[in-house]
1. If you check A:A84 against the conditions, is it of a type outside the set (S, T, Y), more than 10 Å from chain B (Cβ to nearest Cβ) and under 18 Å from the mean Cα position of the chain (by Cα)?
2. Kindly indicate the residue of segment A:65-77 that is closer than 14 Å to A:L21 by Cα and under 20 Å from the mean Cα position of the chain (by Cα) and also most open to solvent (accessible area, probe 1.4 Å) among those meeting that condition.
3. Do you know which residues across segment A:19-34 are open to solvent by 60 Å² or more (accessible area, probe 1.4 Å) and more than 15 Å from A:F72 (Cβ to Cβ)?
4. Filter segment A:111-136 for residues that are of a type in the set (D, E, K, R) and at pLDDT 85 or above; which is farthest from B:N21 (Cα to Cα)?
5. Regarding segment A:181-201, can at least one residue be identified that is at pLDDT below 90 and among the hydroxyl-bearing types (S, T, Y)?
6. Being open to solvent by less than 20 Å² (accessible area, probe 1.4 Å) and assigned to a loop (DSSP other than H, G, I, E, B) is true for just one of A:L40, A:L103, A:L58. Which residue is that?
7. Find all pairs meeting these conditions: Cβ atoms under 6 angstrom apart; at least six residues apart or on different chains; first residue within segment B:42-56 and more than 8 Å from the ligand (Cβ to nearest atom); second residue open to solvent by 30 Å² or more (accessible area, probe 1.4 Å).
8. Using the structure shown, decide if A:P150 is touching a residue at least 40 places away in the same chain (Cβ under 8 Å) and more than 9 Å from chain B (Cβ to nearest Cβ).
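The values are calculated or read from the model by the stated rules, or taken from the named source; none is laboratory data. Computed from a prediction, not measured in an experiment: that's the story for all the values here. Cβ placement follows ideal geometry from the backbone for every residue including glycine, while neighbour counts extend to all protein chains displayed. Accessible surface is based on the protein model in full, side chains and every heavy atom, while ligands, DNA and RNA are left aside. Shrake-Rupley method; radii C 1.70, N 1.55, O 1.52, S 1.80 Å.
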Amino acid sequence: MSSRQEQSTSEPPAGFDLSALLSGDHKAFEDMVRGESDRLYNVIRRIVRDDDEARSILQETFLQAFKRRGSFRRESKFTTWLYAIGINLARGAVRKLSRSAVLTAEEFERLQPQFVDGHVTGPVAQWKPDRMLERQELLDQVREAIERLPEDYRIVVTLRDIEEIPTPEVATILGISEGAVRVRVHRARQALKKLLDEYMA
Amino acid sequence: MSIFSRLRNLGRRELTCQDANTFLAAYLDGALDEQTSERFAKHINRCPTCSSYLNDYESTVDLSRATRVQNAPPELVAETLEFLRLRLKAED
Ligand SMILES: [Zn+2]
């Protein structure tokens with residue numbers, strides 16, 4: 001195991017001089033690129049679902065961040081601002097790519113539990129604990145299920161559950177309220193759970 | 001029941017399964033206020049359906065987390081820096 005795996009997930013390495021970067025220093029900028037590339041790449045790749053596209057959006061994200069550094073207001077972390085740029089670019093690009101496997105809004109809705117008079121209707125599957133043990137195959141199923149989530153839900157699961165970015169920061173990145181982040185991530189988790197029922201129950 | 005006593009009871013009545021479901025994400029975030037948190041726990045302790053659902057819901061979050069990849073392409077940083085140097089030079 002490399003030491004990178006133990007790295008704190010919510011706080012990526014802050015190994016760059018922000019003031020120097022903001023005044024246009026190339027070395028500070030490159031330090032930031034070194035520290036942020038891998039994680040941001042993985043986030044973007046989950047949105048666009050294509051390695052080459054993710055690579056080129058990552059490059060464009062850094063380029064735009066450097067050019068637009070004058071508009072960074074220090075109201076958030078620099079990386080929060082950077083992620084907002086990356087995610088916006090990724091969303092623009094994803095429209096050009098095929099999304100045949102992605103669930104339609106109706107299909108997604110059908111995966112949510114239904115309630116009548118406060119009680120859930122229909123059977124609720126219960127997962128078998130021993131299914132958790134077949135790790136590799138299971139994780140492939142989970143990856144596939146995440147890929148099928150509609151874009152907004154895939155993004156919020158990537159940021160909140162996979163990258164473990166705290167809810168308030170996800171709210172800032174996406175420009176929505178914390179309550180809206182929770183509603184979205186909740187619906188995404190419920191859909192994922194339902195998609196995995198077949199495998200887990 | 002009068003409208004007033006109904007309103008008074010609204011804040012104290014037992015949570016339904018649907019109420020409990022609505023609070024799941026806030027619960028995992030530790031964002032429920034003390035009173036709601038107590039009512040939520042009370043419902044979960046009494047309701048096998050919701051308690052099992054919460055369990056699998058948490059497993060779902062754990063599973064998503066476990067799909068996190070660390071393996072960005074090894075040449076990613078070098079390639080990105082190369083691109084940026086060229087572009088920034090061109091614009092100087
Ligand atoms: Zn219940």
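1. Yes; evaluated as a whole, the condition is true for this residue.
2. For segment A:65-77, the residue satisfying everything is A:K77.
3. A:H26, A:K27, A:R34
4. Our first condition is that a residue be of a type in the set (D, E, K, R); within segment A:111-136, this holds for A:117, A:128, A:130-131, A:134-135.
Then keep just the ones that are at pLDDT 85 or above; that gives A:117, A:128.
Numbers: A:D117: 13, A:K128: 21 Å.
Only one residue fits best here, namely A:K128.
5. yes
6. A:L103
7. Close Cβ pairs (under 6 Å, with a partner that is open to solvent by 30 Å² or more (accessible area, probe 1.4 Å)) amount to B:S52/A:Q126.
8. The answer is yes for A:P150.
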